[in-house]
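S.K.: Attaching a single structure in structure tokens format; questions to follow.
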Amino acid sequence: MRARDVMTRNVVTVGPRTSAKHAAELMAEHGFAALPVLDDDGQLVGIVAEADVLRDRIPPDPRLHLRRDADAEVVGLLVRGVMTDAVRTVDAGTDVADVARLFVDERLRSVPVLEHDRLVGIVSRRDLLRSVARPDDAVRHDLLQLVEGYTGDLGAWAVDVVEGIATVRRTRGAPQVSRQVEEGALTSLARTVPGVVGVRVLTGPDHTAGTSSS
């Protein structure tokens, strides 16, 4: 799977001159962790996150503190004053496994997705979790269609999916190519189906093959 397969395409964005308060309202209303910031030419120039609009915007309750700072800091009123301009992005063709690793290693919650340097979507941890949590029946349906479409052998395959682990078994006929080539090709194809976390392909008469994680 690639980032384009799981990303959210209808992205809510803001401009540098958008009020920071409005950006906060959008995030609260839609449950977003961050919003991409686009300039007048549609170029990505930054990202504004929940922490950016929360910073210094909730003053301490004087009843709960023994002293208050005499000079309160002036908070940024516009997005350009609070956004992060060093934006971590991924390409639409990036393997989602690499996106997941990026989230873990850099502790990110979402990243904008670019194609030809233009924003085409945003992918979040929730998007990845949604793909992993697909019902096994839906994964099985998509995988069976993919296998039959690739091989052209309709009704010649049994596909089972349990907890995201897929077993693809040829029930009749023989590969048009070598057994090894067909098993390798079907294993690679299965890994492109959202929700598949492991694959076992059985194409020979003895039905023996290894399991491959996606």
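Readers should treat all values here as calculations from the given coordinates under stated rules, not as data from a laboratory. Keep in mind that what you see is a predicted model, and the values were worked out from it rather than measured. Cβ placement follows ideal geometry from the backbone for every residue including glycine, while neighbour counts extend to all protein chains displayed.
S.K.: Can you tell me how segment 1-53 classifies by the Cα gyration tensor, rounded, prolate or oblate, using a/c under 1.5 as the rounded cut?
M.R.: In terms of gyration-tensor shape, oblate.
S.K.: What is the local net charge at Gly42, summed over the other residues whose Cβ is closer than 14 Å to its Cβ (Lys, Arg +1; Asp, Glu -1)?
M.R.: Within the 14 Å Cβ shell, the charges total -4.
S.K.: OK, next. What area, in nm² and to one decimal, does the C-alpha convex hull of segment 136-213 cast on average over all directions?
M.R.: So the Cα hull casts an average projection of 4.4 nm².
S.K.: Also, quick follow-up: How large is ³J(HN,Hα) for each residue in segment 124-133, as worked out from phi by the Karplus curve 6.51 cos²θ - 1.76 cosθ + 1.60 (θ = phi - 60°), to whole Hz, x for Gly and Pro?
M.R.: Values, residue by residue: 10, 4, 5, 4, 5, 5, 4, 5, 5, 8 Hz.
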